[in-house]
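The values are calculated or read from the model by the stated rules, or taken from the named source; none is laboratory data. No experiment lies behind these values; they were computed from the predicted model shown. Glycine gets a Cβ as well: all are built from the backbone with ideal geometry, and neighbour counts include every protein chain shown. Heavy atoms of the whole protein, side chains included, go into the accessibility calculation; ligands, DNA and RNA do not. Shrake-Rupley method; radii C 1.70, N 1.55, O 1.52, S 1.80 Å.
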Amino acid sequence: MSTSAELLAEAVSASKSDSKRSESLYKQILSSTKPSTHENSQQTQTLRDQETALVNLGQLYRDQNNAAGVAEVITLSRSFMSSTAKAKTAKLIRTLLDYFNAIPNSQKIQMTVLQDNIEWAKREKRIFLKQSLETRLAGLQLETHEYKPALALIDTLLTELRRLDDKMILTEVHLLESRVYRGIGNMAKAKAALTSARTAANSIYCPPALQSSLDLQSGILHAEDKDYTTAYSYFYEAFESLSTQGEDDGKALSALKYMMLCKIMLNLPEDVTSLLSIKLAVKYAQLREVESMRSVAKAHQARNLADFEKALKDYKDELSSDPTIRSHLSDLYDALLQQNLLRIVEPYSVVELEYIAECVGQGRQSVETKLSQMILDKVFYGVLDQGRGCLLVFDEPKADEMYDSAINTLGQVSKVVESLYAKSVSIA
């Protein structure tokens with residue numbers, strides 16, 4: 001057994017009981033000098049042991065939530081990567097970068113590491129690795145809402161990828177571009193980028209995970225257009241695919257939540273219960289994220305504004321963390337408030353604002369603002385009498401058809417006069 005292999009075995013056994021000792025041993029393996037070139041078998045074994053040490057050291061730092069440690073491992077790995085195949089290098093660096101995902105609040109360090117490694121890949125002329133790292137960096141910039149640098153990076157990437165005609169990465173980058181444009185609210189460009197992504201995906205074999213991401217984005221954009229029926233079908237396709245793969249429960253859970261959201265927005269909250277009884281959704285039914293959407297559905301079904309507000313308060317983290325759910329629930333809250341206000345004012349011709357505010361459980365100022373907006377939108381006809389603190393409700397005015405009839409008659413008379421004038425000219 002080689003010395004590096006003995007050290008590796010000792011480090012693995014010490015990793016659970018003495019992490020400091022294990023860390024020291026892994027670093028010793030990585031700093032060991034390579035054997036001479038004529039000892040090919042020993043050199044291959046040493047390289048294999050160093051690769052294992054790199055991965056294990058990264059896992060050790062990941063378990064300790066040590067983002068700086070993972071960054072150090074990636075920097076240490078460069079000397080090792082210079083002597084390995086480019087394909088293995090890309091796989092190794094992606095593996096190490098994935099360890100950041102388990103470490104909370106590590107985006108800033110990860111972005112610094114990515115920028116550093118992109119520069120290294122440029123110097124080493126490792127084009128495909130550079131493009132892979134730039135795609136990951138753009139994704140992180142999207143997560144941290146740095147839309148402007150993300151778009152600049154994506155534009156550069158797209159120019160290179162079109163020249164290389166790499167359809168797979170081109171699809172991923174166009175999808176990323178669509179998500180960035182959706183983040184800044186430019187829906188027209190978000191749809192155009194998604195169409196480009198689907199066009200590129202149609203010319204290659206699209207992996208199920210990437211196809212699911214395309215379906216999720218399609219559903220989100222259709223939901224933004226209030227086309228919840230089409231959005232639901234896309235979310236269902238994505239959920240079914242992700243649940244079958246069993247790799248990313250987070251994305252599958254998001255797809256399920258979006259499906260429930262579509263049912264609620266289609267005024268079919270009673271369908272939420274039956275949706276959770278399907279085979280693929282059963283394992284998610286008791287999760288807090290799903291329970292939050294179920295509470296919203298119950299409040300909407302009962303048309304109860306107080307229960308709706310309670311659900312938003314009790315499940316604040318679950319409902320506010322996702323921008324898609326947050327924006328649509330805001331629209332739903334406005335619609336529910338409007339329905340409650342209409343139900344209260346409908347029987348009256350004059351009603352006090354304090355009474356309306358008390359009935360809906362809202363502050364007078366917010367009720368007054370909403371009522372004035374409804375009057376301007378002609379949801380109902382009325383006037384706010386702020387001096388008396390009352391709302392005066394009018395019947396819907398009936399259009400007077402007399403003026404339309406008069407204009408129509410004058411138009412016919414004009415035609416008769418023009419006809420007589422034409423005949424008189426021809427006779428003369």
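Using a 1.4 Å probe, what is the accessible area per residue for the range 337-428, in Å²?
For the range 337-428, the solvent-accessible area averages 74 Å² per residue.
Which of the lysines could be linked to residue 279 by a straight reach, that is with a Cα gap under 19 Å, when you skip same-chain ones fewer than 8 residues away? Partners within reach: 251, 257, 263. Residue 62 exposes around 70 Å² of accessible area when a 1.4 Å probe is run over every protein chain in place. Shown here for the range 247-303: trypsin sites (Lys or Arg not before Pro) in loop regions (DSSP other than H, G, I, E, B) with at most 16 other Cβ atoms within 10 Å, namely 303.
Solvent-accessible area per residue in the range 220-314 equals 48 Å², computed with a 1.4 angstrom probe and all protein chains kept. Counting only DSSP beta bridges with both residues in the chain, the antiparallel share comes to about 100 percent.
Every helix of 4 or more DSSP H residues in the chain counts as -39500 (n - 2.57), and over all residues that averages to -24500 deg cm²/dmol at 222 nm.
Roughly how tilted is helix 364-376, in degrees to the nearest 10 and between 0 and 90, from the longest Cα axis of the chain? That helix lies at roughly 60 degrees to the long axis. Using R0 = 30 Å, the C-beta based FRET efficiency linking residue 152 and residue 225 works out to 0.60. A Gaussian network model of the chain, with springs between Cα atoms under 10 Å, assigns the largest mean-square fluctuation among 170, 410, 194 to 410. What's the angle, to the nearest 10 degrees (0 to 90), between helix 288-301's Cα axis and the longest principal axis of the chain? Approximately 10 degrees, to the nearest ten. The modelled label-to-label distance for the pair residue 417/residue 334, using points 7 Å beyond Cα in the direction of Cβ, is 4.9 nm. Maximal additional length on extending the residue 98-residue 75 stretch stands at 6.8 nm, based on 0.36 nm per residue less the C-alpha distance.
Working note: Cα gyration tensor of the chain, eigenvalues times five, square-rooted, sorted largest first, giving semi-axes of 62, 31, 19 Å. Sequentially through the range 324-341, phi angles give Karplus couplings (6.51, -1.76, 1.60; θ = phi - 60°) of 5, 5, 4, 5, 6, 5, 5, 5, 5, 4, 4, 5, 5, 5, 4, 4, 5, 5 Hz, Gly and Pro residues having no value and appearing as x. Note on residue 98: accessible area is roughly 70 Å² with a 1.4 Å probe, heavy atoms of protein only. Of the peptides 379-388, 363-372, the order by per-residue mean of other Cβ atoms within 10 Å, starting with the highest, comes out as 363-372, 379-388. Working from label points 7 Å from Cα in the Cα-to-Cβ sense, the residue 349 to residue 186 distance is 5.5 nm. On the principal axes of its alpha carbon atoms, the range 93-250 extends 49, 35, 31 Å, with the longest extent given first. The simple Förster model, with R0 at 60 Å and r as the Cβ-Cβ distance, assigns residue 273 and residue 404 a FRET efficiency of 0.70. When the convex hull of its Cα atoms is viewed from all sides, the range 225-346 shows a mean projected area of 7.4 nm². The fraction of accessible area contributed by carbon and sulfur in the range 109-263 is 52 percent, rounded to a whole number (1.4 Å probe; ligands and nucleic acids excluded). Given in Å, the Rg to one decimal and the Dmax to the nearest whole number for the Cα atoms of the range 347-427 are 24.8, 80. As a rough guide to protection, the peptides 401-408, 100-107 ranked by mean Cβ packing within 10 Å, highest first, stand as 100-107, 401-408.
For the range 172-232, the set of trypsin sites (Lys or Arg not before Pro) satisfying both a DSSP loop assignment and a count of at most 14 other C-beta atoms within 10 Å is given as 226.
A cut-off of 5 Å between modelled amide H atoms, ignoring neighbours fewer than 5 places along the same chain, links residue 390 with 353, 385. Think of the range 347-427 as a dipole: +1 on every Lys or Arg Cβ, -1 on every Asp or Glu Cβ, centred on the Cα centre; then among 361, 425, 373, 425 lies furthest on the positive end. Computed over the Cα atoms of the range 316-380, pair by distinct pair, the Kirkwood hydrodynamic radius stands at 13.0 angstrom. For the range 347-427, carbon and sulfur atoms together expose 56% of the accessible surface, with a 1.4 angstrom probe and every protein chain in place.
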